[in-house]
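Everything on this sheet refers to the single structure shown next.
The values are calculated or read from the model by the stated rules, or taken from the named source; none is laboratory data. Predicted model only: the values in this text are computed from it and were never measured. Here Cβ is always computed from backbone atoms with ideal geometry, including for glycine, and neighbour counts include all displayed protein chains. Protein only, heavy atoms only, side chains kept; ligands, DNA and RNA dropped before computing areas. Shrake-Rupley method; radii C 1.70, N 1.55, O 1.52, S 1.80 Å.
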Amino acid sequence: MTATMQPKSEAAKAPLRGRRAPGAGEKPRPRSTGLQLGHWWWALPGIVLVIAIHYVATGIGGFFAFTNWTGIGSFKIVGWQNFEAIFKDPTKLGALTNTLFLAFGSVFLGNVGGLIIALGLNRMLKTRYILRTLFFMPVVLSPLATAYVWKYIFDFDGPINVFLTSIGAGDLAKPWLADPQWAIWTVLVVLVWGSTGFAMVIFMAGLAGVPVEVEEAAAIDGANLWQRFRYVTLPAIRPAIAIATTLGIVQGLRVFDPIMALTNGGPAGATETLATQVYKQAFALGNFGGGAALALVLAAIILFFAVIQQRLTRQNPED
């Protein structure tokens, strides 16, 4: 049995021998772009829907922010009067202060709690999967439904005051949601409870990418637990911190459901936020122009803090 061997160069050129090279006067055939256009056609409905719901609606709301429209009938252009009224009204300034307090307070406490839980569950515990589910459960529950449960817990005749009375600390019992001094802190507790599980999941995803070899090398070099966390773990999860902080700030600045269920903005405006004021101005008082102006201010604040936070937590200074 014989075999004919060809050099590699001839074998590579063999399939091309039967083909005709294009002549000098022939133009190459243009590539078909039907598949690429097909991709754009498939995405077009989603793009149109996003533009219509988000950008067009935001633009229309921004226009009405400069009018005195009541939601029905005609309107007039009033310029910057709605925005001047916002910064001259003590109630709206108090709502702005409460919004910033709840947003940054819930982000800080929720992220710290989520990181501690994620570090604990990142170890090889037998019950870590059950604990992950339990800690993440507040995220998937309805904020409105859980707020009513918390309202019962913080009620004057609720479980907290009953427990304080049973252990002889009845003097500490108080109407938590009806006290202007404690109502805002009660709302903060509910927000932190609902956001900690979400931060935990993000941090656990970040901790999964931390090289174990680096931690072991640091431990061999004599680094203690705090030093390993500060110089190895923390820099490695900076992207996770950026994501958790950005999403937490955005969610905290527009918080609405828990406050409406717990206090409805009371007592005496102690828990009013910009989101609750937007609802009351536009739909309860019929001042749609003022509500649109408040919504525009809230959107500008969210965008401002989101951009600042991204610049502070970015990894590459040249990004």
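If a/c stays under 1.5 just call it rounded; otherwise compare a/b with b/c (prolate if a/b is bigger, oblate if not). Do that for the range 155-203, with a ≥ b ≥ c from the square roots of the Cα gyration tensor eigenvalues. It comes out prolate by the Cα gyration axes.
Proximity of backbone amide H atoms, modeled 1.01 Å from N, is registered between T67 and V78 at under 5 Å, excluding neighbours fewer than 5 places apart on the same chain.
For the range 266-273, the Karplus equation 6.51 cos²θ - 1.76 cosθ + 1.60, evaluated at θ = phi - 60°, returns couplings of x, x, 6, x, 5, 10, 5, 10 Hz by residue, with Gly and Pro reported as x. The residues of the chain present an accessible area of 65 Å² per residue when probed at 1.4 Å with all protein chains retained.
Lysine pairs in the chain whose alpha-carbon atoms fall under 23 angstrom of each other, counting only those eight or more residues apart or on distinct chains, come to 6.
Between Y152 and F256, the FRET efficiency from the beta-carbon distance, with R0 = 25 Å, is close to 0.80. Helix 90-121 axis versus longest C-alpha principal axis of the chain: approximately 60°, rounded to the nearest ten. Counting protein heavy atoms only, the chain has 67 percent of its accessible area on carbon and sulfur, 1.4 angstrom probe.
Highest GNM mean-square fluctuation among E84, E216, E272, for the chain modelled with Cα contacts below 10 Å: E216. Between the Cα long axis of helix 288-313 and the first principal axis of the chain there is an angle of about 60°, rounded to the nearest 10.
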